[in-house]
Structures are given as C-alpha cells and as structure tokens.
Amino acid sequence: MKALPFVAAAVALAVGFDGVQVGNGQEKAVTTPLTGKMKGIDGKDVDLAAFKGKVVLVVNVASRCGYTNQYKGLQELYDQFNKDGLVVLGVPSNQFGAQEPGTEEDIQKFCTTNYKVTFPMTAKVDVKGPSKVDLYKALTTTPPTDGKSAEVGWNFEKFLIGRDGRVIARFRSAVAPESNELQAAIRDALAKK
C-alpha cells in the first residue's frame, strides 16, 4: 500500500498534471499545457513552466498569411498588458498553405523588422497532426468557441491560458487581437490573481 501514492504521483506526471490545488480539504490535480521545454526562435530552450502564474496567449503564426498583420495587434497586446502579467507566445508553423517557409533566423528578422516583435517565440514546429508538439497536444483538447474540430484550423489561432495554467478560451484566426471578445477575455484572466 505504501507504493500507491508513488504510483499516483508517477501517473500524474506522465499525463501532464502540473500540480495540486487544495481547497475545502479536497486535492485536485490541475492539467496544464505549460509543461516541458521547447526551442526558442533563437535556439535557446524556452521553459514553459516559467510562464506559470501569468496569463499566456499562445498563437500559431506565419509570415506569409492573410492574417500576418495580426503580429501588430499581438505586439500591442503584449505592450499593453505584459506589465499586468500577460505573455504572448508566438509559435511559427508551416503547416497551413506553406506560409512559414523560412528558417528561424528568417522568421525572427521578419517579425522584428516589420512588426517590432518583442514577445517570446518558439522555433518552427508542427501544431496539428501526428507530429504536433506536446504544447499543442494539450492545447487542442480544448474545443474552440464555435465547437468545431479540435485540431488547429489555420494560422493565428489563439489559446488563452489563465494564471492557474488551464486553457480558458480558444479563438479562431479571424478573431483579431484588437477584438473586444479577445481583449475582454484577457482582461478577465488578468483580473484573477
């Protein structure tokens, strides 16, 4: 019987449980996509756990997409709300119309030159299908607000993660960073301490 707590802890770690929330004497495991590491666009490791306690907007991005101008709005969100605890995380992917064909260096140069991007970005990865990274395996278990497929549908789909590490909202590509819907969700998430 002494092995049971160890086995339970090992299972919790294996399936991505982040920790334990305690309230009213009840313990409850919290699942979060903010586990593990990814390569940053600069080649350095990005520890997703470093974002715990913050509100995180994860966006799969591309440089040659009709939605590419959303970089401007994403940077404005980051500038406006970063001091309050918002992190925008750009995740380049070439899976939609081959609209992100460049290297990490090309992507970084494009983003900084054209949109003055300062928010963190990962290396280019797969965000759908059997080769999608663990971050997106966790994110895509959350259905979008329109209730359709769990896979990412196109570039610039957005996932909002609350301070507790849980995905609290998912927005399709057409929802612009400037939209009332997205900004209200960010403000609500930031208000929760």
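The values are calculated or read from the model by the stated rules, or taken from the named source; none is laboratory data. Everything numeric in this text was worked out from a predicted model, so none of it was measured. Using ideal geometry, Cβ is built from the backbone for each residue, glycine included, and neighbour counts are taken over all protein chains shown.
Taking segment 96-124 as the search range and keeping residues that are among the β-branched types (Val, Ile, Thr) and surrounded by fewer than 19 Cβ atoms within 10 Å (Cβ to Cβ), which one is farthest from Lys72 (Cα to Cα)? Give the steps one after another, and end with the answer.
So the first thing to find is which residues in segment 96-124 are among the β-branched types (Val, Ile, Thr), and the list is 103, 107, 112-113, 117-118, 122.
Keeping just the survivors that are surrounded by fewer than 19 Cβ atoms within 10 Å (Cβ to Cβ) gives 103, 112-113, 118.
Details: Thr103: 21, Thr112: 11, Thr113: 12, Thr118: 11 Å.
The residue in question is Thr103.
Helices (runs of 4 or more DSSP H) wholly in segment 77-193 with at least 1 residues that are modelled with pLDDT of 95 or more and in contact with a Pro (Cβ under 6 Å, 6 or more places away or on another chain) - which ones? Show your work before the answer.
Details: elements: 104-115, 134-139, 180-191.
Helices (runs of 4 or more DSSP H) meeting the threshold: 104-115, 134-139.
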